[in-house]
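Novice: Sending over a structure as structure tokens; questions will come in a sec.
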Amino acid sequence: MFRITDRGLALRMAATLATVVAATALFVGVLVYLAAPWLGAVARGLGAALGLPELITAAWWIPLVAALVVACVWAQLRYVRRETLAAVDASPATEDAYPELTSRVTRLAAQASTPVPECFVVESETPNSFALDGVGQPTLVVSTGLLETLDGDLLDGVIAHELAHLQHRDATVMTLASFLPALTSDRYSPLDSLGPWARKRSVWALVFVLVYLTGALLTRSNPAHPAYLLQFVVGLVAAIVVGGVALGVFATVAVVAARRLSQYREFAADAGGAKLTGDPAALADALARLDEESASPPAVDKRLAYDEIRGLCLLPTGFDPDAESADGEFHVETRSHPPTERRIQRLRTLIDRQ
């Protein structure tokens, strides 16, 4: 059974995952703390009704934070996969439409002893690919430009590179690490996925009234009393300000953690893909050809830039290197790639060792 082992990658993944989960837990903890006056009242009421000791009731926030963190991680993995595919307008690669691609992926996944990923194709002349992992079936995305530029062993090498990302599970970590930074982008709002109704003032006015009355009920306050109104408004403003600051801080932590992993994982996937096919020269030639196809120099060094889904792709050009992102487009914020020349050089070193 084929296995890829890389202790350096495993350590970096563990550190990144721990940092991202910790950042998520701290952010959730801040939100729970801000809502503690209401949630604590509910917990004390339930504890008294169930006859629980006061010591247990006082620790109501621990299981709540744990449950919310698990729910957040699950939601993040699910959300990033869906929105990333939507951002590049990826379509499922059916066996009828792309028999050669699905056959290659199935064969190489069997060699790697990994689940066969769901394949998607992006209509783009820019040759590129990326892998996503999270909730549900792992995902492999390729562009039509890639399928037109490469074939044979060279295409096998690229697919093996992406399968190595999935086998290492670094695709899962990077998918998770991208959520909080994406949430802080001014080009994205969680309300967008809820539909047009979520932006109506009447809806938010109703939500405000319901939260206001619920808070009064839970704290046994008089909703008509000016003191409660002032307390509610001050608490709401504090929650928005503190929550926003906390989100920015913890998103920055997630970005820094992703930076420490991103470049190393490309080297590891190159090595893993070369081992899977047994032909490091094929992947080296594929990288050289693709880099030449994307040779038009960008205004910003994409190896260092944070921009859209480039950090997840085989090469840092994304699927449309010249296009500016439209407002509202989903962003995946990750550290991008090492220089392609260094990647090719490392693969040539593997050839010399054979």
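The values are calculated or read from the model by the stated rules, or taken from the named source; none is laboratory data. Being a predicted model, the structure only gives us computed values, none of them experimental. Here the Cβ is made from the backbone with ideal geometry for all residues, glycine too, and neighbour counts use every protein chain on show. What goes into the accessible areas is simple: the full protein's heavy atoms, side chains included, and nothing from ligands, DNA or RNA. Shrake-Rupley method; radii C 1.70, N 1.55, O 1.52, S 1.80 Å.
Novice: Just the residues that are among the polar types (S, T, N, Q), within 22 Å of A268 (Cβ to Cβ) and in contact with a strand residue (DSSP E or B) (Cβ under 7 Å, 6 or more places away or on another chain), please, taken from the stretch 117-169.
Specialist: N128, S129, T139
Novice: Evaluate the following for V116: is it farther than 17 Å from L283 by Cα, more than 18 Å from the chain's Cα centre (by Cα) and either open to solvent by less than 30 Å² (accessible area, probe 1.4 Å) or of a type in the set (F, W, Y) (or both)?
Specialist: Against the criterion (farther than 17 Å from L283 by Cα, more than 18 Å from the chain's Cα centre (by Cα) and either open to solvent by less than 30 Å² (accessible area, probe 1.4 Å) or of a type in the set (F, W, Y) (or both)), V116 does not qualify.
Novice: Something else now. Kindly establish whether D156 is closer than 26 Å to T94 by Cα and modelled with pLDDT of 95 or more.
Specialist: yes
Novice: How many residues does the stretch 211-221 contain that are in a helix (DSSP H, G or I) and more than 33 Å from the chain's Cα centre (by Cα)?
Specialist: Count: 7.
Novice: Further, regarding this structure: Being within 12 Å of I344 (Cα to Cα), among the charged types (D, E, K, R) and surrounded by 18 or more Cβ atoms within 10 Å (Cβ to Cβ) is the filter here, so list the residues in the stretch 236-294 that pass it.
Specialist: Matches in the stretch 236-294: E266, D270, D291.
Novice: Also: Which of the residues that make up the stretch 123-143 are under 15 Å from L315 (Cα atoms) and among the β-branched types (V, I, T)?
Specialist: Correct list: T126, V141, V142.
Novice: Would you call S113 of a type outside the set (D, E, K, R), touching a helix residue (DSSP H, G or I) at 6+ places or on another chain (Cβ under 9 Å) and at positive phi?
Specialist: So S113 passes the test.
Novice: Another question, then. Would you kindly identify the helices (runs of 4 or more DSSP H) lying entirely within the stretch 4-113 that contain at least 2 residues that are open to solvent by 40 Å² or more (accessible area, probe 1.4 Å) and farther than 28 Å from L147 by Cα?
Specialist: Qualifying helices (runs of 4 or more DSSP H): 7-34, 36-50, 54-58, 61-87.
Novice: Within the stretch 119-129, count every residue that is open to solvent by less than 20 Å² (accessible area, probe 1.4 Å), of a type outside the set (S, T, N, Q) and outside any strand (DSSP E or B).
Specialist: Total meeting the criteria: 1.
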